[in-house]
Amino acid sequence: MGAWTSHELATIAQADELRIASRRPDGTLRPWVTIWVAREGDDIYVRSAHGVDNPWFRRASRSGRGRVSAGGVERDVVLELVPADAADHPRIDAQLHAKYDRYGPAYVGAITGASTYAGTFRVVPE
């Protein structure tokens, strides 16, 4: 697997939204889903706003692979499920709050807090 460049990290972090498409079993991409994104250090994270039962999240979990696009950066990626008890979650929450609190607690609350942790992917470039 590859690593994000500093330019890619900065560009994705500045983008308000990220588009993500998981791969089907035959390798083709599913339709894009628009999602909020957080950068924590040298890592990129996304969370399912509607939990682990969200259809896109279930498909992405099965596939483990996809493509992302944000701010002109487009990369094939591996989607790593972050364990719900991982120490990174409070820092991811802080990044999401800093970036999206302007939209109000109803929206940010859907992607922050312990109840959302099971729906978190670390997005790793291939």
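The values are calculated or read from the model by the stated rules, or taken from the named source; none is laboratory data. This one's a predicted model, so the numbers in the text were calculated from it and none came from an experiment. As a convention, Cβ positions derive from the backbone with ideal geometry for all residues, glycine included, and neighbour counts pool all protein chains shown.
The set of residues in region 1-18 being surrounded by fewer than 17 Cβ atoms within 10 Å (Cβ to Cβ) and within 15 Å of Leu79 (Cα to Cα) consists of Met1, Gly2, Ala3. For region 99-126, taking the residues that are small (Gly, Ala, Ser) and more than 13 Å from the chain's Cα centre (by Cα), the one that is surrounded by the most Cβ atoms within 10 Å (Cβ to Cβ) is identified as Ala110. Counting only strands (runs of 3 or more DSSP E) wholly contained in region 1-63, the ones carrying 3 or more residues that are aliphatic (A, V, I, L, M) occupy 18-22. Taking each residue of region 80-95 that is surrounded by 14 or more Cβ atoms within 10 Å (Cβ to Cβ) and looking for partners that are in a helix (DSSP H, G or I) and of a type outside the set (Lys, Arg) with beta-carbon atoms closer than 7 Å, six or more apart or interchain, yields Leu81/Ser61; Ala84/Tyr117; Ala84/Ala118; His89/Tyr117. Residues that are in contact with a strand residue (DSSP E or B) (Cβ under 6 Å, 6 or more places away or on another chain) and within 20 Å of Ala106 (Cβ to Cβ) within region 11-32 comprise just one, Glu17. The number of residues in region 27-40 being touching a Lys or Arg at 6+ places or on another chain (Cβ under 8 Å) and either modelled with pLDDT under 95 or not aliphatic (A, V, I, L, M) (or both) comes to 5.
When only residues in region 84-117 that are acidic (Asp, Glu) and assigned to a helix (DSSP H, G or I) count, which is nearest to Val46 (Cα to Cα)? Selected residue: Asp93.
For region 50-71, the condition holds for no residue, the condition being that it is in contact with a strand residue (DSSP E or B) (Cβ under 6 Å, 6 or more places away or on another chain) and acidic (Asp, Glu). Scanning region 66-79 for residues that are in a strand (DSSP E or B) and surrounded by fewer than 18 Cβ atoms within 10 Å (Cβ to Cβ) turns up Arg67, Ser69, Glu74, Asp76, Val78. Residues considered: Ala3, Ala49, Ala60, Ala70. Of these, the only one that is modelled with pLDDT under 95 and within 17 Å of Glu126 (Cβ to Cβ) is Ala3. In the set (1) surrounded by 15 or more Cβ atoms within 10 Å (Cβ to Cβ); (2) without any contact (Cβ under 8 Å) to a residue 40 or more places away in the chain; (3) more than 20 Å from Val108 (Cα to Cα), the condition left unmet by Asp42 is number (1).
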